[in-house]
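Q: If you scroll down you'll find the structure; I have some questions about it.
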Amino acid sequence: MKRKNVRIAAAGLLLALSVASEMAQAAGVLTIGRREDSTGFDPIRTTQNEDNWVFSNVLDRLVWVDKSGTALEPALAESWTISPDRKVYTFKIRATKFSDGTPVSASDAAFSLLRLRDDENSLWRDPFMIMDKVEAPDAHTLVITLKEPSVPFLSQLALPNASIISKKALTEMGEEAFAEKPVGSGAFSIKEWVRGDRVVLEKNPRYWQASRVKLDGVEWLTIPDDNTRMLKVQAGELDAAISVPFSRIASLQKDPNLQVELEPSTREDHLLINHEHGALAKPEVRQALDFAIDKDAVVKTVTFGYGQVANSYIPAGALYHYADNLRRPYDPEKAKKMLAEAGAANLKLNYVVNAGDEVDEQIAILLQQQLAKAGVTVNLQKVDPSQSWSMLVSGDYDISVMYWTNDILDPDQKTTFVLGHDANMNYMTRYHNDKVKALVAAARVEMDEKKREQIYIDLQKMAKADVNWIDLYYSPYRNVSRKNIQGFYQNPLGRFFLEDTVKQ
């Protein structure tokens, strides 16, 4: 009987130690709720924030943008030089390892960048076509030779999609397997991805700044419904959540257990228009739709005043933003007349809406009501957020509200993506203007700063004249976390500095 009690006591002690161990481990894991699931982690095959914001802490780049979102810092490249003719970039690659223990070499960097430029599945080929040669004369030296000088090139290397991956791992695993569990050299590595549920990260002990990382891991949890996501943070079931609905900011700020962060951002929400669908191919029709939308009402009603009416695809505060760009006033009668003159009276449009996204759904209802005053019938098609992107890619939509955040300091990235006629079909709008395309390419190589600024002003004017899409509003990043979470921070270009986050 006594021995049995000893065994029970010992078992109880082991159980207590096990529970304590699990609690300690859980205490070092940050749980973040987000709306959309990832689509994949092969950096060259995605354009989604849901992917980039995860692998920005898994895959490393040669350089990255600092916390202020205004300057470049060394990353895998600990230093670099640029030739006097600004065509040859020589990088010294840091002595570090990938998460699987293999050394990071200049050959891996060359492989990654050439794959970004040459792979037919790369969505980021155009900005990197300016690279003539990418060579690794030794394990720690990378030499990139450009076809001609390029102002934004160094900034482009900070793009998350220009991350350096393991050539050995990709070759052995194959592209599909690698896209689910990539091998990188960042602060964390991907332990598990349960589609539609969560992405589990664990600390990478081989990270070159491993001592800086305080968390044991991070779990990105997919919770499409905004209300559910906020309630879970309030209940302590989540440590943090992103994309706080505007309507919940004030109430969450009053919760003593929470902290709401409204961070400066490069985010712009806009109405995408499929230029290949019937009357939408006509500029006059797209201009009429712009007149039919009351952006001030969107900012007041939907963003609760936290937003700012957008007048350009280049966000306010960003390099070369043209503050005096055209802003069409709200005039539904004029819009109705223009539509009739363009042969598009009684226009019917299919509007793809992200279900569960409170802000998207509010905008959809408001725009449906506003467009109705111009004689436009809008059918709202609510779909799961995981479906909407593929519908845009396939062109299975007429209009849809989406958003963009810059990933680099220079406007070339977004300009190429939305106006440059690249592999992304101008952000799936199918917009086409050869003069605009030529100007986008010219801006990339114009070395005179004043001339370059004028090109971007002209591009903003031309995009607005053509209505490549309809600019709606700019807004801050809106994140919430529990009070015991410190350093949960997102810079203006969207990167979460999870290597500096602490869970107390």
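The values are calculated or read from the model by the stated rules, or taken from the named source; none is laboratory data. Bear in mind that the values here come from a model prediction, so they are computed numbers and not experimental data. All Cβ positions, even for glycine, are placed from backbone atoms using ideal geometry, and neighbour counts span all protein chains on display. Heads up: the accessible areas ignore ligands, DNA and RNA and are worked out on the full protein's heavy atoms, side chains in. Shrake-Rupley method; radii C 1.70, N 1.55, O 1.52, S 1.80 Å.
Q: Sorted from largest down, give the three principal axis spans of the alpha carbons of the range 132-261, whole angstrom values.
A: 57, 36, 31
Q: When Lys and Arg each count +1 and Asp and Glu each count -1, what net charge do the other residues less than 12 Å away from Ala372, Cβ to Cβ, add up to?
A: Net charge around Ala372: +3.
Q: Give the accessible surface of the chain per residue, rounded to a whole number of Å², with probe radius 1.4 Å and ligands, DNA and RNA excluded.
A: Value returned for the chain: 40 Å² of accessible area per residue.
Q: Between the range 409-476 and the range 109-132, how far is it from one alpha carbon centroid to the other, in angstrom?
A: Spelled out, the Cα-based centre of one part sits 20 Å from the other.
Q: Fully extended, how many nm does the chain gain between Asn350 and Ser211 (0.36 nm per residue separation, minus their Cα-Cα distance)?
A: Here the answer is 44.9 nm.
Q: Nearest 5 is fine: what % of DSSP beta bridges in the range 267-474 come out antiparallel, could you say?
A: That works out to approximately 60 percent antiparallel.
Q: Find the Cα radius of gyration of the range 60-167, compare it with 2.2 N^0.38 Å by division, and give the number to two decimals.
A: After normalising by residue count via 2.2 N^0.38 Å, the value is 1.00.
Q: Also: Looking at the range 148-218 from every direction and averaging, what is the projected area of its Cα convex hull in nm²?
A: Averaging across all directions leaves 7.0 nm² for the Cα convex hull.
Q: Go through 182-193, 434-445, 238-249, 293-304 and give me the packing order, highest mean Cβ count within 10 Å leading.
A: Averaged packing, sorted descending, gives the order 182-193, 238-249, 293-304, 434-445.
Q: Something else now. Let me check I have the definition right: for the range 267-474, take the eigenvalues of the Cα gyration tensor, multiply each by 5, take square roots. What are those semi-axes in whole Å, largest first?
A: Square roots of five times the eigenvalues give 26, 18, 17 Å.
Q: For Phe304 and Ala438 in the same chain, what is the full-extension length gain: residue separation times 0.36 nm, less their Cα-Cα distance, in nm?
A: Here the segment from Phe304 to Ala438 would lengthen by 44.3 nm.
Q: Computed over the Cα atoms of the range 326-414, what is the ratio Rg over Rh, Rh following Kirkwood?
A: Reported Rg/Rh, Kirkwood definition of Rh: 1.04.
Q: How many nm is it between the label spots at Leu231 and Val393, if each spot is 7 Å from the Cα in line with the beta carbon?
A: 3.3 nm
Q: Distance from a point 7 Å along Cα→Cβ of Gln369 to each backbone N in the range 288-312: keep the residues under 15 Å and list them by number.
A: Backbone N within reach: 293-304.
Q: A further question on this structure: Taking 0.36 nm per intervening residue step and subtracting the Cα-Cα distance, what contour gain separates Thr377 from Met447 on full extension?
A: Working it through step by step, the gained length comes to 20.4 nm.
Q: With no solvent and one equal point scatterer placed on each C-alpha of the range 427-501, evaluate the Debye formula and give log10 I(q)/I(0) for q = 0.16, 0.18, 0.21 Å⁻¹, two decimals.
A: Ignoring solvent entirely, the Cα scatterers give -0.79, -0.85, -0.95.
Q: Quantify, in whole percent, the carbon and sulfur part of the accessible surface of the chain (1.4 Å probe; protein heavy atoms only).
A: Carbon and sulfur: 52 percent of the exposed surface of the chain.
Q: Return P(r) of the range 320-373 (all Cα-Cα pairs; 10 Å bins starting at 0; whole %; ordered from short to long distances).
A: 19, 35, 34, 12
Q: Then there is this: So what is the diffusion coefficient of the chain in µm² per second by Stokes-Einstein at 25 °C and 0.890 mPa s, using a Kirkwood Rh over Cα pairs?
A: For these conditions, the coefficient is 101 µm²/s.
Q: I'm a student and want to see the number: the projected area of the Cα convex hull of the range 365-423, averaged over all directions, in nm².
A: Result: a mean projected hull area of 5.7 nm².
Q: FRET efficiency for Ala71 and Lys181, Cβ-Cβ distance as r, R0 = 41 Å, nearest 0.05?
A: E between Ala71 and Lys181, to the nearest 0.05, is 0.80.
Q: A further question on this structure: Just list whichever of Lys67/Lys382; Lys133/Lys437; Lys147/Lys414; Lys295/Lys382; Lys97/Lys437 have alpha carbons separated by over 32 Å in the model shown.
A: From Lys67/Lys382; Lys133/Lys437; Lys147/Lys414; Lys295/Lys382; Lys97/Lys437, over 32 Å: Lys67/Lys382; Lys97/Lys437.
Q: For the peptides 334-347, 69-82, what is the packing order when you average, over each peptide's residues, the other Cβ atoms within 10 Å and list the highest mean first?
A: 334-347, 69-82
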